[in-house]
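Below is one structure, written out as structure tokens, with a few remarks after it.
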Amino acid sequence: MARKTKQQAKITRQEIIDAAIRTFSKYGVSSTSLSSIPEVAGVTRGAIYWHFKNKVDLFSEACKFTDEQIAETQKKYQLKYPNDPLFVLRKLLHYILFTFLTILKTGS
């Protein structure tokens, strides 16, 4: 099998993180095994271990990605509403809840 390019590997890694977020959100971290994520991500089990040492490593990266998404959204709202921090907080909480509920409802 031919080796993937760096861009393809980056895409695969992100697909694994996205699948992990969906799976952790739906079943909980302790009830999720690494062997359940490849099917959701559409990758092989080997791909999981190529990109991540273990479940803790994958969970840490999923949390990091989620934190980055929230921080990016927060900056967007702060720039759009610089004089209304309470409104920014409300919008951010709405974004977080909506995203979480969407993941639970649709799996994506």
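The values are calculated or read from the model by the stated rules, or taken from the named source; none is laboratory data. Just so it is clear, the structure is predicted and the values come from calculations on it, not from any experiment. As a convention, Cβ positions derive from the backbone with ideal geometry for all residues, glycine included, and neighbour counts pool all protein chains shown.
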Enumeration of residues in segment 1-16 that are surrounded by fewer than 19 Cβ atoms within 10 Å (Cβ to Cβ) and aliphatic (A, V, I, L, M): 1, 2, 9, 11
Number of the exception - residue 60 against (1) in contact with a helix residue (DSSP H, G or I) (Cβ under 9 Å, 6 or more places away or on another chain); (2) more than 23 Å from residue 105 (Cβ to Cβ); (3) assigned to a helix (DSSP H, G or I); (4) not aliphatic (A, V, I, L, M): (1)
Within segment 56-101, restricting to residues that are among the hydroxyl-bearing types (Ser, Thr, Tyr) and modelled with pLDDT under 95, the one that is farthest from residue 23 (Cα to Cα) is 81
Select from segment 21-40 the residues that are surrounded by fewer than 18 Cβ atoms within 10 Å (Cβ to Cβ), of a type in the set (Gly, Ala, Ser) and on the phi < 0 side of the Ramachandran plot and list them in ascending order. 30, 31, 33, 35, 36
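Please specify each residue of segment 46-57 satisfying the condition of being not in a helix (DSSP H, G or I) and not aromatic (Phe, Trp, Tyr).
Selection gives 53, 54.
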For segment 45-59, indicate whether the set of residues that are in contact (Cβ under 8 Å) with a residue 24 or more places away in the chain and over 21 Å from residue 10 (Cα atoms) is non-empty. no
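Return a yes/no flag: does segment 75-94 have any residue that is assigned to a helix (DSSP H, G or I), under 24 Å from residue 106 (Cα atoms), in contact with a Leu (Cβ under 7 Å, 6 or more places away or on another chain) and not β-branched (Val, Ile, Thr).
Going residue by residue through segment 75-94, those that are assigned to a helix (DSSP H, G or I) are 75-80, 85-94.
Add one more test, that the residue is under 24 Å from residue 106 (Cα atoms), and what stays is 90-94.
Filter once more, so that each one left must be in contact with a Leu (Cβ under 7 Å, 6 or more places away or on another chain): none.
Among the residues of segment 75-94, not one is assigned to a helix (DSSP H, G or I), under 24 Å from residue 106 (Cα atoms), in contact with a Leu (Cβ under 7 Å, 6 or more places away or on another chain) and not β-branched (Val, Ile, Thr), which makes the answer no.
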Would you point out the residue of segment 95-108, among those that are in a helix (DSSP H, G or I) and either of a type in the set (S, T, N, Q) or farther than 17 Å from residue 24 by Cα (or both), that is nearest to the chain's Cα centre (by Cα)? 99
Return only the number of the condition from (1) assigned to a loop (DSSP other than H, G, I, E, B); (2) β-branched (Val, Ile, Thr); (3) surrounded by fewer than 14 Cβ atoms within 10 Å (Cβ to Cβ) that residue 43 does not satisfy. (3)
Condition test on residue 71, is it out of contact with any strand residue (DSSP E or B) (no Cβ under 9 Å at 6 or more places or on another chain), crowded, with 16+ Cβ neighbours inside 10 Å and either on the phi > 0 side of the Ramachandran plot or not β-branched (Val, Ile, Thr) (or both)? no
Which condition from (1) of a type in the set (D, E, K, R); (2) in contact with a Pro (Cβ under 9 Å, 6 or more places away or on another chain); (3) over 29 Å from residue 9 (Cβ atoms) is the one that residue 90 breaks? (2)
